[in-house]
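These notes concern the structure reproduced below.
The values are calculated or read from the model by the stated rules, or taken from the named source; none is laboratory data. Note that the coordinates shown come from a computational prediction; the quantities given were computed from them, not determined experimentally. Cβ sites come from the backbone with ideal geometry, for glycine too, and all protein chains shown count toward neighbours. Heavy atoms of the whole protein, side chains included, go into the accessibility calculation; ligands, DNA and RNA do not. Shrake-Rupley method; radii C 1.70, N 1.55, O 1.52, S 1.80 Å.
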Amino acid sequence: MAAAWFLAWLVLGTGLGNLRSPGSANFLDVLKVSLGIAAAIGAGVALVVNYRRQRYLELDFAGDRERAHSLADRYASAAQQLGAEQPAVRLAGVYAMAHLADDWHEQRQQCADVLCAYLRIPPEVANRSSAVALGSAHILSPAEREVRATLMKVVAAHLVPASLVDWSNLDFDFDGAVLPRVEWATVVVEGRATFDGAIFTEDVVLQDSRFGDGLRLGGATFSGPTSFRGMDVRGPCDLTGAAFNKRVSFGEAAVDFLDCTRARFAGPAGFDHVTFRGEAHFHNSQFEEGSFFSNSRFEAETWFRDASFAGPAWFDGIHVGHDIWFTEAEFQSEASFGGAVFAATAGFHAATFLGDANFEKAAFGATARFPAATFAQEANFRAASVGADVQIQEASFAQGLPDALRARAS
C-alpha cells in the first residue's frame, strides 16, 4: 500500500507544472489513475497475505496431525513394552512412557495412569509367577523389584521443585500396589495421592514432602522403617487400618486431619513436635512399642478411645487446644503427660494405667475427667494445676488420691 501511494506521489510530483494545479483536468485524470493503481496493488497484497495465511494453517494442521499420530504411536509402543515378558523391555517401557508424558501435555495424566496401573498389577502377573506371596507380604524378584523401584524414582523426579517437567498437579492411584523402597523426600503433589491397601516391602521415605489434596494410605502395610518426618498434608491423611511393622516417624509433620483408626504400630511410633491442625483419630489404635507425642500441638478435637499402649507412652509438653479423649484407653507401661497443657476437656473415662502415670506440672484449664479410671501404680500429679472441675467418680488409685485432684474433685 505504501508503494501505491509512493507511485501516486511520483506521478503527481514530477516537474510538469501543468500537472501541479489541483484544478486542472490533467491533475484529476492522473489522480484517478493513481488511486486505481493503489487499489489494485492493495488488492494484490491482500490476496498474497490471505494465501500465505491459508498455507500456514494447512501446514500447521498437517503438522498437528503428524504430531498426534507420532504421539499415539509412541503411546502404543510404550504400553506394549510395559507388558513385555523381559524385565529389561519393561524397564525401557517405564522410561518411554515417562518421556511421552513429558512431551504430551494433553494426555500427561493418561500416561501417569498407565504407570500407576502397572504397579497395581499383582506381582504374580507382572513377574510371570516370579513373585512369591507369603501371607500379606510379597517378595519381588530382583528384576521386577528394579522395574518397580525405577518407576517410583522416575515419578518422584517429576515431583520435586527442581523438576524440568512438573507432574505435581497430576493424580496418582497406587491402591493395592506392591512397592519396593519408596524415596519420595521433598516431593510436592497437588493432585490426589492414594495408596489404599498398598504393600511397601522396604523402606518408605516421604520426609519433607507436601500433599495438597490429602494422602490416603488406608489399609497399607509398611514392612520396613517409614519416615513421614516434616511432611505437610493439606486435606485428610487417612491411615485407617494401616500396619507399620517397623519404626515410623511423623516428627515435625503438619496435617489438616489425621485418621489412624485401627492402625497398628509394631515398632516405635514417633509423633513428636507434630502439628495436628484438624481432628486426629486414634480409635482402637495399637502401639506395641514406645509411642512418642512429646511437644505436639493438637488444635482440634482428638480421640484415643480404646487405644492400646503396650510400651511407654510419652505425651510430655503437648499443647491441646480442644477436647481430647482417652476413653477406655489402656496404658500397659509408663505413661507421661509431664508439662502437658490441656486448654479444654481432658477425658480419661475408664482409662487404665498399669504402669506409672506422670502428670507432673500438667495444666488442666477446664475439666479433668478421670471417672472409673484405674491407676495401678504411682499417679504423679505434683505441681499440676487443675481448673474448675475434676471428675474422679469410681476412679481407683493404688497409692491414694493425689492432693492436686483431691482439692478440686467433684
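Which FRET efficiency value, to the nearest 0.05, do you get for Ala407 and Lys246 by plugging their Cβ-Cβ distance into 1/(1 + (r/R0)^6) with R0 = 35 Å? Could the numbers behind the result be given before it?
Working: r = 45 Å, r/R0 = 1.29.
Computed FRET efficiency for Ala407 and Lys246 comes out at 0.20.
Please state the charge dipole magnitude for region 229-320, taken about the Cα centre, from unit charges on C-beta atoms (+1 on K and R, -1 on D and E), reported in debye and rounded to the nearest 20.
With Lys and Arg at +1 and Asp and Glu at -1, about 220 debye.
I need the phi-derived Karplus couplings for region 74-84: 6.51 cos²θ - 1.76 cosθ + 1.60, θ = phi - 60°, integer Hz, Gly and Pro marked x.
Rounded to whole hertz, the list is 5, 4, 4, 5, 5, 5, 5, 5, 4, x, 6.
Taking region 343-410, which GluC sites (Glu not before Pro) meet the DSSP loop condition and have no more than 11 other C-beta atoms within 10 Å?
Passing both the DSSP loop test and the Cβ count: Glu394.
State the answer as a single residue: which of Ala357, Ser385, Ala372 lies farthest towards the positive end of the charge dipole of region 325-410, with beta carbon charges of +1 for Lys and Arg and -1 for Asp and Glu, about the Cα centre.
Farthest towards the positive pole: Ser385.
Taking the Cα centre as origin and putting +1 on Lys and Arg beta-carbons and -1 on Asp and Glu beta-carbons, what dipole magnitude results for region 309-404, to the nearest 20 debye? Please report the intermediate quantities before stating the final value.
Numbers: 3 positive and 11 negative charges, 36 e Å.
That gives region 309-404 a dipole magnitude of about 180 debye.
Label region 176-267 by shape, choosing from rounded, prolate and oblate, from the square roots a ≥ b ≥ c of the eigenvalues of the Cα gyration tensor; if a/c is under 1.5 it is rounded, and otherwise prolate applies when a/b is larger than b/c, oblate when it is not.
Working: a/c = 1.36, a/b = 1.26, b/c = 1.08.
It comes out rounded by the Cα gyration axes.
What number in nm² do you get for region 147-230 if you take the convex hull of its Cα atoms and divide its surface by four?
The directionally averaged projection comes out at 4.8 nm².
About its Cα centre, how strong a charge dipole does region 65-124 have in debye, to the nearest 20, once Lys and Arg get +1 and Asp and Glu get -1 at the Cβ?
Roughly 40 debye, rounded to the nearest 20.
With θ set to phi - 60°, apply the Karplus curve 6.51 cos²θ - 1.76 cosθ + 1.60 along region 229-238 and write out the HN-Hα couplings as whole Hz, x wherever there is a Gly or Pro.
4, x, 5, 10, 10, 8, x, x, 10, 9
Mind listing which chymotrypsin sites (Phe, Trp or Tyr not before Pro) in region 283-327 are in a DSSP loop and have 15 or fewer other Cβ atoms within 10 Å?
none
Apply the Karplus parameterisation 6.51 cos²θ - 1.76 cosθ + 1.60, with θ equal to phi minus 60°, to every residue of region 395-402 and state each ³J(HN,Hα) to the nearest whole Hz, in sequence, with x for glycine and proline.
Whole-Hz 3J(HN,Hα) from phi for region 395-402: 6, 10, 10, 4, 10, x, 6, x.
How far is it, in nm, from the label point at Glu85 to the one at Asp389 when both lie 7 Å from their Cα along the line to the Cβ?
Taking the two extended label points, one gets 7.4 nm.
Under the 0.36 nm per residue contour assumption, what length would be gained going from the current alpha-carbon distance of His69 and Leu164 to full extension?
Stretched fully, the His69-Leu164 segment lengthens by 31.7 nm.
Using a 1.4 Å probe and counting only protein heavy atoms, arrange Asp306, Asp323, Asp73 so the residue with the most accessible area comes first.
If we order Asp306, Asp323, Asp73 from most to least accessible, we get Asp73, Asp306, Asp323.
With a 1.4 Å probe and all protein chains left in place, how much accessible area per residue does region 251-345 have, in Å²?
Computed with neighbouring chains in place, this is 33 Å² per residue.
Quick one, can you get me the convex hull of the C-alpha atoms of region 341-410 expressed as volume per residue in Å³?
Values: hull volume 4.6 nm³, N = 70.
Cα-based convex hull of region 341-410, divided per residue, equals 66 Å³.
According to the square roots a ≥ b ≥ c of the eigenvalues of the Cα gyration tensor, what is the shape class of region 293-410, taking rounded for a/c under 1.5, prolate for a/b larger than b/c otherwise, and oblate for the remainder?
It comes out rounded by the Cα gyration axes.
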